[in-house]
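**Q** Quick one: the structure is below, and I'll ask about it shortly.
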Amino acid sequence: MDNGHEPATKQDIGQLRSEFQHGFDELKETLRDSETKLLQAFYTFAESNHKRLSEVERENAGLKDRLATFESRLTEVEKRLNMPPQQ
């Protein structure tokens, strides 16, 4: 196989196949490593995004509670203005 003009032997073909398989195995391992890194990055993003969303939901619930209290008080004021107490 050293000379490009000589016919390849079974041993040459076996060696070439072995080298090809080795390269293919390395490529699969590299792809698997890349996939693992990408998944870890996505999971980290999802976890931080979930925490942020939970905090926003908590703040939103607090604001809704305060708004409900304000609306109740405003309704009471409107009742007193529209229907003054009888004397």
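**Q** Could you work out how far apart the two model spin labels at Asp25 and His5 are, taking each label as a point 7 Å from the Cα in the direction of the beta carbon, and quote it in nm?
**A** My value for the distance between the label points is 3.7 nm.
**Q** To continue, here is another question. Cross-link partners among lysines for Lys37, C-alpha distance below 30 Å, same-chain residues fewer than 8 apart left out?
**A** Counting by Cα, and skipping residues close in sequence, Lys37 has these lysines nearby: Lys28, Lys51.
**Q** If we count every other residue with Cβ under 13 angstrom of Leu31's Cβ, Lys/Arg +1 and Asp/Glu -1, where does the sum land?
**A** Values: positive: Lys28, Arg32, Lys37; negative: Asp25, Glu26, Glu29, Asp33, Glu35.
Within the 13 Å Cβ shell, the charges total -2.
**Q** Rounded to the nearest 500, what is the 222 nm mean residue ellipticity of the chain from helices alone, with -39500 (n - 2.57) per DSSP H run of 4+ residues and division by all residues? Can you show the working numbers first?
**A** Working: 1 runs with 73 residues, N = 87.
The helix-only estimate for the chain comes to -32000 deg cm²/dmol at 222 nm.
**Q** Using all C-alpha to C-alpha distances in the chain, build P(r) with 5 Å bins and read off the rounded percent in each one.
**A** With a bin width of 5 Å, the distribution comes to 2, 11, 7, 8, 7, 6, 7, 5, 6, 5, 5, 4, 4, 4, 4, 3, 3, 3, 2, 2, 2, 1, 1, 0, 0.
**Q** Moving to a separate point now. Relative to the longest principal Cα axis of the chain, at what angle does helix 10-82 sit, 0 to 90 degrees, rounded to 10?
**A** The angle comes out near 0 degrees.
The numbers here are math on the coordinates, done by the rules we state, and not lab data. Worth saying up front: this structure is predicted, and the values here are computed from it rather than measured. We place every Cβ from the backbone using ideal geometry, glycine too, and count neighbours over all the protein chains shown.
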